[in-house]
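Data block below; observations after.
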Amino acid sequence: MGRKKILITGAAGFLGSHLCDRFIKDDYHVIGMDNLITGRLENIQHLFPLENFEFYHHDVSKFIHVPGELDYILHFASPASPIDYLKIPIQTLKVGSLGIHNCLGLARNKKARVLIASTSEVYGDPEVHPQKESYWGNVNPIGPRGVYDEAKRFQEAMTMAYHTYHGLETRIVRIFNTYGPRMRLNDGRVLPAFIGQALRGEDLTVFGDGSQTRSFCYVDDLIDGIVKLLHSDYAEPVNIGNPDEISIGSFAEEIIKLTGTTQKVTYKELPQNDPKQRQPDISLAEKILGWSPKVSRQEGLKITYEYFKNLSEDELYKKEHNNFEGYIK
Ligand code: UDP
């Protein structure tokens, strides 16, 4: 029997590239696909010499053609930070709607199992804490985050419809804040923002009074949860994240300590519809997948900081500058 074949959309992104690594390590034939709007070829360039890795430079919002058989599809293509989807709102909506439709159609055609990347953003600014999968959310459809939140909600609806009406094997992971090596430094996410500021000797910018909370999961834990979910028989959404919750103000203090920066915290205006609190309830994942995160924030932050600290000047420059221009259609 040959290798199992898996298509990973958003392969050059932060999570997509870690997924490529994991499935290569597990001896799959991996087809990575990315339109490189927010993804970076640097994240996967080490895979190009491998005979069981292929890369398609393609926008999944357009018809997807993959020759031959396909066992699995992971749909991870999407801008995924507030700054990105404010800059490219239409692409964000298209990849979550047209993109998922193409992926599901391809999966039907190939009789492949699909896993889609959903998000804690489907809960919006939650009125229930911590968030369980049964919570329907509190989303402003026309707010600045609406393009992302509603695309992801539509994506879940579409995926369940294909599951129910076409009997497609589908999995939905609701991803909470995740961090680790390969994140971009310029996408506005809080962890790379703080680390980038510390490395450049700038003050750390805390939005609002810093009392809003998040719960940060190290990337290896998340990938492990996703692989377990893919191989499970559970079709409804499953939260994967680390429930260790912290306020953004305290998080800034942790980064100051970790990096040894002599800079301070400066406060900036809280972005509109910024969720006040977020913490996954992971009891479902624990029960059906036997999964829980293993890497503490202290360990994970140390690995991540070392990664950024050891980048060359050229690599750091690339992490700080995006490549939207020229790609936006
Ligand atoms: N944040 C901050 N300073 C920054 C960037 C972000 O205080 O330089 C805050 C942001 O307002 C939010 C939290 O950190 O409350 C997490 O932001 P991120 O964009 O990483 O993720 P999300 O809001 O989507 O969870």
Go through the stretch 189-222 and report how many residues are within 11 Å of the ligand (Cβ to nearest atom), more than 24 Å from residue 129 (Cβ to Cβ) and among the small types (Gly, Ala, Ser).
2
Go through the stretch 73-84 and report how many residues are buried (at least 23 other Cβ atoms within 10 Å of the Cβ), within 20 Å of residue 173 (Cα to Cα) and within 13 Å of the ligand (Cβ to nearest atom).
3
Selection from the stretch 45-68 of residues closer than 27 Å to residue 156 by Cβ and assigned to a loop (DSSP other than H, G, I, E, B) yields 58, 59, 60, 61, 62, 63, 64, 65, 66
Within the stretch 247-279, can you find the residues that are within 17 Å of residue 196 (Cα to Cα) and under 22 Å from the mean Cα position of the chain (by Cα)?
248, 251, 252, 255
Subset of the stretch 117-149 (residues that are in a helix (DSSP H, G or I) and surrounded by fewer than 22 Cβ atoms within 10 Å (Cβ to Cβ))
146
Residue 228 meets each of (1) more than 13 Å from residue 173 (Cα to Cα); (2) in a helix (DSSP H, G or I); (3) in contact with a helix residue (DSSP H, G or I) (Cβ under 9 Å, 6 or more places away or on another chain) with one exception, condition (1)
Subset of the stretch 160-174 that is of a type outside the set (Gly, Ala, Ser) and not in a strand (DSSP E or B) - its residue that is nearest to residue 101 (Cα to Cα)
162
Restricting the first residue to the stretch 242-256 and requiring it to be more than 21 Å from residue 131 (Cα to Cα), which pairs with a second residue that is within 12 Å of the ligand (Cβ to nearest atom) and assigned to a loop (DSSP other than H, G, I, E, B) meet a Cβ separation below 7 Å and a spacing of at least six or different chains?
249/210; 249/211; 252/210
For residue 181, the lone unmet condition from (1) more than 8 Å from the ligand (Cβ to nearest atom); (2) over 16 Å from the mean Cα position of the chain (by Cα) is (2)
Expected single match for within 30 Å of residue 270 (Cα to Cα) and more than 17 Å from the chain's Cα centre (by Cα) among 83, 90, 37 is 90
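Any read-out appearing in this document is the output of simple, stated calculations on the displayed coordinates, not a laboratory observation. Not measured: the values here are computed from a predicted model. Quick reminder, even Gly has a Cβ in these numbers, built from the backbone with ideal geometry, and neighbours come from all protein chains shown.
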